[in-house]
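Since the structure comes first, as structure tokens, the remarks are kept for the end.
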Amino acid sequence: EMASCTPFTILLLAVAVSSTNDYSHHSNEFFTAFPKNGKFVSFSTPKLHITTNELTPVNVTISTSLGYHYSTTVQPQTTATVVIDDELTVASISDTNNAIHIKTSDDKKVAVYATSFFQGSAGAFAVLPQHTYDIPEYIYYAFSSNTTDNTQTENSTVVLVSGHNDTQVLIKPSQAVTIPSVFTGLNTNIVVQAGHTYSLTMNKTQTLLLESNQDLSGSKIVSNQPISVITGHECGNIPYSEGYCDHMVQQIPPTVTWGKSYMSLPFAKRSTGAVFKITSAKDDTQIIITCGNLTDNT
């Protein structure tokens with residue numbers, strides 16, 4: 001559902017399952033990855049920005065399965081920035097071990113933000129912990145857009161990151177996607193058509209890229225353990241009719257954490273107005289949008 005309001009752009013989640021579990025984005029451990037920004041990986045600049053509410057310095061290690069390792073110390077009330085090698089970008093379906101594991105010492109907690117910049121196309125997202133909840137399964141929905149590029153060289157993307165071994169994942173894409181052979185158990189890749197389901201197993205620090213030159217919004221991911229779902233577009237347009245695409249990236253929390261009420265603020269100088277993309281965790285959900293004194297029931 002698309003709706004216009006005050007001048008800003010936002011991806012918005014609606015409707016929740018209530019829970020009393022921890023929703024904080026502060027933690028002592030994170031698993032994340034960087035989706036591709038634009039056409040050329042080697043020109044992007046992935047960075048992690050780490051802050052803390054602790055009263056004493058926090059030592060942080062960042063490890064990967066590809067041999068890249070980093071460490072930093074986060075001082076109270078400051079931000080530590082770590083530049084990540086662009087080889088860790090999840091740029092193709094063959095990049096299946098590109099997870100970035102962030103861990104603090106002494107169980108101290110930090111908050112982590114990720115940014116990526118490429119020739120005027122910038123993206124940023126809050127890295128969310130893989131909190132465990134008292135539920136039988138974790139459900140996620142992808143958010144993305146499309147591009148006005150006639151060649152369709154930039155893709156809508158969903159990156160899955162596993163923080164546990166033997167994680168059972170079911171995928172129901174809204175567009176056809178390709179599953180690489182490492183997850184199929186065969187010597188060949190498998191194409192999963194739109195609306196069909198496919199089940200696979202992911203192990204700790206594995207990554208899975210789902211991509212399409214069509215909008216992957218609404219793609220459903222279900223897992224038996226928490227995973228990181230990072231979704232967006234290499235360089236999408238909002239709305240589709242506007243030129244000058246930009247990198248879109250956001251980590252999507254599981255539906256157990258979703259809410260029922262949201263507030264937003266306008267972005268300055270957004271001449272095309274606001275665009276909301278809303279999805280629901282349940283059927284027959286009524287959406288009420290209020291902009292100033294105007295209310296729209298959808």
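The values are calculated or read from the model by the stated rules, or taken from the named source; none is laboratory data. Computed from a prediction, not measured in an experiment: that's the story for all the values here. Here the Cβ positions follow ideal geometry from the backbone for every residue, glycine too, while neighbour counts run over all protein chains shown. With ligands, DNA and RNA removed, areas are computed over all heavy atoms of the protein, side chains included. Shrake-Rupley method; radii C 1.70, N 1.55, O 1.52, S 1.80 Å.
Take the residues in region 227-259 that are open to solvent by less than 20 Å² (accessible area, probe 1.4 Å) and hydroxyl-bearing (Ser, Thr, Tyr); name whichever of them is nearest to Thr147 (Cα to Cα).
For region 227-259, the residue satisfying everything is Thr231.
What number of residues in region 74-91 are open to solvent by less than 50 Å² (accessible area, probe 1.4 Å) and within 16 Å of Thr207 (Cα to Cα)?
Looking only at that region, the number is 5.
Would region 279-286 turn up any residue that is of a type in the set (Gly, Ala, Ser) and within 17 Å of the chain's Cα centre (by Cα)?
Among the residues of region 279-286, not one is of a type in the set (Gly, Ala, Ser) and within 17 Å of the chain's Cα centre (by Cα), which makes the answer no.
Give me the residue from region 74-97 that is among the aliphatic types (A, V, I, L, M) and in a strand (DSSP E or B) and, out of that set, farthest from the chain's Cα centre (by Cα).
This residue is Val74.
What are the pairs with Cβ atoms under 6 angstrom where one residue, in region 23-49, is assigned to a loop (DSSP other than H, G, I, E, B) and the other, located anywhere, is modelled with pLDDT under 95 and open to solvent by 60 Å² or more (accessible area, probe 1.4 Å)? Sequence gap at least six, or different chains.
Hits for this filter: Asn28/Asp107; Thr45/Phe117.
Do you know which of the residues in region 98-107 that are modelled with pLDDT of 95 or more and more than 19 Å from the chain's Cα centre (by Cα) is nearest to Lys36 (Cα to Cα)?
Among those residues, the one meeting the criterion is Lys103.
Quick check on region 267-276. Is at least one of its residues part of a strand (DSSP E or B) and on the phi < 0 side of the Ramachandran plot? Let's see the steps before the verdict.
Taking region 267-276 first, the residues part of a strand (DSSP E or B) are 275-276.
If we keep only those that are on the phi < 0 side of the Ramachandran plot as well, we get 275-276.
Yes, there is a match, as at least one residue in region 267-276 is part of a strand (DSSP E or B) and on the phi < 0 side of the Ramachandran plot.
Within region 227-257, how many residues turn out to be over 15 Å from the mean Cα position of the chain (by Cα), at pLDDT 90 or above and in a loop (DSSP other than H, G, I, E, B)?
Count: 0.
Any residue in region 59-73 that is more than 23 Å from Val249 (Cβ to Cβ), crowded, with 17+ Cβ neighbours inside 10 Å and either hydrophobic (A, V, I, L, M, F, W, C) or at pLDDT 95 or above (or both)?
Within region 59-73 (the criterion being more than 23 Å from Val249 (Cβ to Cβ), crowded, with 17+ Cβ neighbours inside 10 Å and either hydrophobic (A, V, I, L, M, F, W, C) or at pLDDT 95 or above (or both)), the answer is no, since none of the residues qualifies.
Restricting to region 186-211, count the residues that are under 25 Å from Gly163 (Cβ atoms) and in contact with a Ser or Thr (Cβ under 9 Å, 6 or more places away or on another chain). Give the steps one after another, and end with the answer.
Our first condition is that a residue be under 25 Å from Gly163 (Cβ atoms); within region 186-211, this holds for 189-190, 192, 197-211.
This time we only want the ones that are in contact with a Ser or Thr (Cβ under 9 Å, 6 or more places away or on another chain), so: 189-190, 192, 198, 200-211.
Final tally of qualifying residues: 16.
Please go through region 217-226 and pick out each residue that is surrounded by fewer than 20 Cβ atoms within 10 Å (Cβ to Cβ) and part of a loop (DSSP other than H, G, I, E, B). Give the steps one after another, and end with the answer.
We begin by selecting, within region 217-226, every residue surrounded by fewer than 20 Cβ atoms within 10 Å (Cβ to Cβ); these are 218, 220, 222, 224-225.
Listed by number, the residues that qualify are Gly218, Asn224, Gln225.
Are there any strands (runs of 3 or more DSSP E) wholly within region 98-216 with 1 or more residues that are open to solvent by 40 Å² or more (accessible area, probe 1.4 Å) and of a type outside the set (D, E, K, R), and if so which?
In region 98-216, the matching strands (runs of 3 or more DSSP E) lie at 111-118, 121-127, 167-172, 177-179, 190-192, 198-202.
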